[in-house]
Each structure stands twice: as C-alpha cells, then as structure tokens.
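Student: Following this message is one structure expressed as structure tokens.
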Amino acid sequence: MDPTSPEVQAELARRHKSAATTVIGLLVASILLSVVSFLARPYLIEKPNPPLDIAMRIAVLAIGLGAVAWRRTKFSPMRLQDIVGLAGVSGLLQALEKTTIQIACFAAAITLIGFISTFVTGNDGYTYWSSAVAVILLIWCFPLKSTWNSAVQRFTQPPPEPESPQMN
C-alpha cells in the first residue's frame, strides 16, 4: 500500500491523535496529582517509613528504565520491518500507537506510586519527584506525527534491486 495514499494518511492521523491524546491526558493527570498532593499538605501527618522509601525509589527506577528498554525493543527497526512485512502499514501504525500508549501507562504507574506513597507516609515530596520522572517520560514518548510519517515512509520502501553484473 502506498504510504502517501489518503487511507494511510487518515489512519496515521487517527492513530496519532489517539496516542497523543492519551499521552497529554496522562501528563495532565500527573500534574493534577501533584496539585492534589500540594493542597493536601496541611492534612498530611508525616510518618517516616524507610522500607517504603527504598521500595518506592527502586520501583520508580525499575519502571522508568523498563519503559526505556520497552520502547527500544518495540521500536527496533528489524521488528518494525517484520511488522510491515506481516501486517502492512496498518500493523505498523497499530504498533506505534500501542507502544506509545504502553509507555504512557508506565509513566502513569510511576505517578501513582508516588501519590500513594505520599498518603502512606505524609511526605508530599514523593508525588512531586515521581510526577517529575513521569512528566519527563511522557514528554520523551510523546508521538510526533512527522516521526510516525517518516517511519511509514522508511519501512514501506521496497528493498533496492541488486545490481546485475554488466557484460562487456
């Protein structure tokens, strides 16, 4: 299928809008949870919990690094080329959308871990720094339409013909 066809461009626009809307929604949710934590500060009673502190930091680190590894694995050129070979342009766009939303969900999990830790320990700093990590992850995974269009162009190009030897 031609990557410049109206059908492909319509599907690209639809899937990109879906992924971008999800990422923006989770970005706003992360910021709102920080605001809620800030507003709840007068009602929080600080109860230090060192094991929870360590567990939360390890969980945020593991999920953050896991999101980076997940994206690199899912967006590897060989994998995307195989997807185009098996499912076509539609499969490629579905993979781009699905992976972007999965990374955004990793970021949302990081924010929720911090928010829950805030209410368990009474330390609002957990929400702030976990939301900061989540916001960085969400900005990093934000889908650019031009990048998706480039991926469609790149992976739908037919392989170059091998040169045949010239006889003299």
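Student: Give me the distance between the Cα centres of the range 26-53 and the range 112-166, rounded to whole Å.
Tutor: So the two Cα centres are separated by 25 Å.
Student: Per residue of the range 21-36, what does 6.51 cos²θ - 1.76 cosθ + 1.60 with θ = phi - 60° give for ³J(HN,Hα)? Whole Hz please, x for Gly and Pro, Karplus curve as stated.
Tutor: Here the 3J(HN,Hα) series is 5, 5, 5, 5, x, 6, 5, 4, 4, 4, 5, 5, 5, 5, 5, 4 Hz.
Student: In a GNM of the chain with a 10 Å cut-off on Cα contacts, which of Val36, Val89, Val60 has the highest mean-square fluctuation?
Tutor: Between Val36, Val89, Val60, it is Val36 that shows the largest mean-square fluctuation.
Student: To the nearest 10 square angstrom, how much accessible area does Ile139 have with a 1.4 angstrom probe?
Tutor: 110 Å²
Student: Where Rh denotes the Kirkwood radius from the mean inverse Cα pair distance, what is Rg over Rh for the chain?
Tutor: Working: Rg = 21.4 Å, Rh = 18.1 Å.
With Rg and the Kirkwood Rh in hand, the quotient comes to 1.18.
Student: Sorted by accessible area (1.4 Å probe), largest first, how do Tyr43, Tyr126 line up?
Tutor: On the way: Tyr43 185, Tyr126 15 Å².
Descending accessible area places them as Tyr43, Tyr126.
Student: For a quick check of your reading of the filter: which trypsin sites (Lys or Arg not before Pro) in the range 1-95 sit in a DSSP loop and have no more than 11 other Cβ atoms within 10 Å?
Tutor: Details: sites: Arg14, Arg15, Lys17, Arg57, Arg71, Arg72, Lys74, Arg79; in loops: none.
Answer in residue order: no site qualifies.
Student: Points 7 angstrom from Cα along the Cβ direction at Ser90 and Ser146: gap in nanometres?
Tutor: Those two pseudo-labels are separated by 3.0 nm.
Student: Based solely on its DSSP helices, what 222 nm [θ] is calculated for the chain when runs of n ≥ 4 H residues each add -39,500 (n - 2.57) and the sum is averaged over all residues, nearest 500 deg cm²/dmol?
Tutor: Values: 5 runs with 134 residues, N = 168.
That calculation yields -28500 deg cm²/dmol at 222 nm.
Student: Next question, about the same structure. Between helix 145-156 and the chain, what is the angle of the helix's C-alpha long axis to the longest principal axis, kept within 0 to 90° and rounded to the nearest 10?
Tutor: 40 degrees
Student: In percent, how large is the relative contact order of the chain, given Cα pairs closer than 8 Å and 6 or more residues apart?
Tutor: The normalised contact order for the chain reaches 37 percent.
Student: Just tell me which aspartates and glutamates come within less than 19 Å, Cα to Cα, of Lys145; anything on the same chain fewer than 8 places away is out.
Tutor: Once the sequence-local aspartates and glutamates are set aside, what remains near Lys145 is Asp2, Glu7, Glu11, Glu97.
Student: Then there's this: Compare Leu80, Leu26 by solvent-accessible area with a 1.4 Å probe and give them largest first, with all protein chains kept in place.
Tutor: On the way: Leu80 10, Leu26 45 Å².
The ordering from most to least exposed comes out as Leu26, Leu80.
The values are calculated or read from the model by the stated rules, or taken from the named source; none is laboratory data. What you see is a predicted model; the values in this text were computed from it and never measured. All Cβ positions, glycine included, derive from the backbone under ideal geometry; neighbour counts span all protein chains shown. Please note that ligands, DNA and RNA were not included when accessible areas were found on the heavy atoms of the full protein model with its side chains. Shrake-Rupley method; radii C 1.70, N 1.55, O 1.52, S 1.80 Å.
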